[in-house]
Amino acid sequence: MEEDLAAPPSSLRLGDVLYERLEPAEATERGPLVGRVERLVSDNLDKTGYDWLGNGDSNHLEPDTPIYAAKGYDPAFRVVARGDEGWTLYEVTANRSAERVTELLDIGGKTNLVGVSGDYQAAGEEAYPFRRPGETMAFVDAVLGAPLVRVSADYSHVRSLVFKLEDGTQTVCFYEPDSGELYLSEEDPFSGIVLPMKLREDLRRTL
């Protein structure tokens, strides 16, 4: 394998929802059973997403592995499963059937901080323009209430918009500062939202 190539991330698909491994989890984080792995498929460097995984497929979980909703979250957003490395939290990376932002970001009433960074994670106090509870809630409400639209998926100038959640986890979305596009479903057709100009300006001050 060439050094600049990496295998697709640990992934699974249930229905129209594609999930990728987010971080280790505990057994106590599991909620109701939502499905099972039906087929184990091998890693493929040339294919990802809908061209690669069918309903019930995973590239690292054995057939008949139970998939549970993550406790406190909509299963369209997060699920947990137990594999060879123990319990793992998975998060949606694409959902073609999503009609509302809340199906891709179940963060309402769960977010402490919102930050933006050129790297995968925001770092430092100055990277979080929305720290006060009222400001954070207003920003999250604006994101969740925006209509889903097609986005350009031009990754040449993207930053990372980081939502720090009350349970200690975080979710990170690609964000294009110039267009205001926030990428939420990262498989063709790419979908997301466009942030209002006021919110873009608030975020821009941290860049």
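Values as computed for the structure displayed
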read-out: THR169 in contact (Cβ under 8 Å) with a residue 12 or more places away in the chain, in the same structural domain as ALA25 (by TED's automatic domain parsing) and either of a type outside the set (Phe, Trp, Tyr) or surrounded by fewer than 16 Cβ atoms within 10 Å (Cβ to Cβ) (or both); value: no
read-out: Candidate set from region 184-200 (those that are closer than 19 Å to GLY115 by Cβ and crowded, with 21+ Cβ neighbours inside 10 Å); member that is farthest from the chain's Cα centre (by Cα); value: LEU195
read-out: Total residues in region 27-50, condition modelled with pLDDT under 95 and over 19 Å from the mean Cα position of the chain (by Cα); value: 11
read-out: Count of residues meeting criterion [at pLDDT 80 or above and hydroxyl-bearing (Ser, Thr, Tyr)] in region 119-155; value: 3
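The values are calculated or read from the model by the stated rules, or taken from the named source; none is laboratory data. Quick caveat: nothing in here was measured; it's all calculated off a predicted structure. No Cβ is skipped: glycine too gets one built from the backbone with ideal geometry, and neighbour counts run over all protein chains shown.
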